[in-house]
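The values are calculated or read from the model by the stated rules, or taken from the named source; none is laboratory data. Predicted model only: the values in this text are computed from it and were never measured. No Cβ is skipped: glycine too gets one built from the backbone with ideal geometry, and neighbour counts run over all protein chains shown.
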Amino acid sequence: MLLAVVLVAAIVYPRKNWENEAANRALCRARLVNLDKAVQQYRRFNGSFSTSAVRVMQFTLTDPGYLAQRDSLVVWPLRNTKKALDSLQQMQALADTLLGMLITAPFDSTAIDSIDRLEDRVIDGSRYSRQSLETVGERMAGLPNMPMAVFERGLSVITRKDYFFKMEVVKRMVTAIGNRQAARAASKETLANLGQLAFYLEETLAQLAAAPVRVDSLSVCPTVGEPLQITLVGSGDATVVNISCSIDSTDMQRVQADFFKSRIGALKIFHHGHLAGGVRSWAAKP
């Protein structure tokens, strides 16, 4: 029994160590990229660079000027787009109700015309919303502390090929073919798409409002808990900013000297990488 426990531990403990370090590496690299964006914003507002990761990240969380810019470029456009989508959902819901009526009264020309006009408005409004979201996405990509993952899930909904196709199906099935059931099914899918998109935008706004309050959650390597390193090469407009993981040879040796981590846990740690002038050292590496 004891031997079995030892064998299981010999498999599980190293795997857990490897998984944790792989997650730390991915998180550290994400923080390096985020810090690089923050450094550029810090310089834009302060006229100079800072080599303190903590100071730079604190700036992005508390500076009134920067936060006002963020709200202007990202938060308010997202809120306006969310309001527009709420209106589109109401229009599509009305069209769906009329489609239900057509199933029992298939030749109601007033309902048919109303559905056709409503779908045109939903299509036009969706196109405008897609353009707005694509613009906001480009802005977010250049700013730190942006909830890109959830935003991109929302953007993928409205940029899917079937998003607009379903609305066109509603129009064609109602006005040209007369298949009310197919039109109703496409309408339900359109409502689901609008609801899914609204959910992701709501979550994006919620994450923006709940910005991290602990600077060390953004500015340190999660493996060693030390601040990421900022170094400057050159001066003035020719300055190249290097952002680097804080793991050094001392950290590697400390893990190697730890019997449980190194011998039993088979753990090795390495430098997670750096950015030089925005170029990622791990771009072509695993």
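Observations on the model:
- Taking the listed residues Glu138, Glu134, the one that is surrounded by fewer than 19 Cβ atoms within 10 Å (Cβ to Cβ), more than 30 Å from Ser219 (Cβ to Cβ) and charged (D, E, K, R) is Glu134, with no other qualifying.
- Filter pass, Ala266 being among the hydrophobic types (A, V, I, L, M, F, W, C), loosely packed, with under 15 Cβ neighbours inside 10 Å and without any contact (Cβ under 8 Å) to a residue 12 or more places away in the chain: no
- Test: residue in the stretch 264-271 that is outside any helix (DSSP H, G or I) and closer than 18 Å to Val33 by Cβ: yes
- Scanning the stretch 272-286 for residues that are touching a helix residue (DSSP H, G or I) at 6+ places or on another chain (Cβ under 8 Å) and assigned to a loop (DSSP other than H, G, I, E, B) yields a total of 4.
- Top-ranked residue in the stretch 238-263 [being assigned to a strand (DSSP E or B) and of a type in the set (A, V, I, L, M); ranked as farthest from the chain's Cα centre (by Cα)]: Val240
- Failed item, numbered, when Gly225 is tested on (1) without any contact (Cβ under 8 Å) to a residue 12 or more places away in the chain; (2) outside any loop (DSSP other than H, G, I, E, B); (3) not assigned by TED's automatic domain parsing to the domain that holds Met146: (2)
- Lone qualifier among Arg184, Arg172, Arg214, Arg153 - being at pLDDT 95 or above and surrounded by fewer than 21 Cβ atoms within 10 Å (Cβ to Cβ): Arg153
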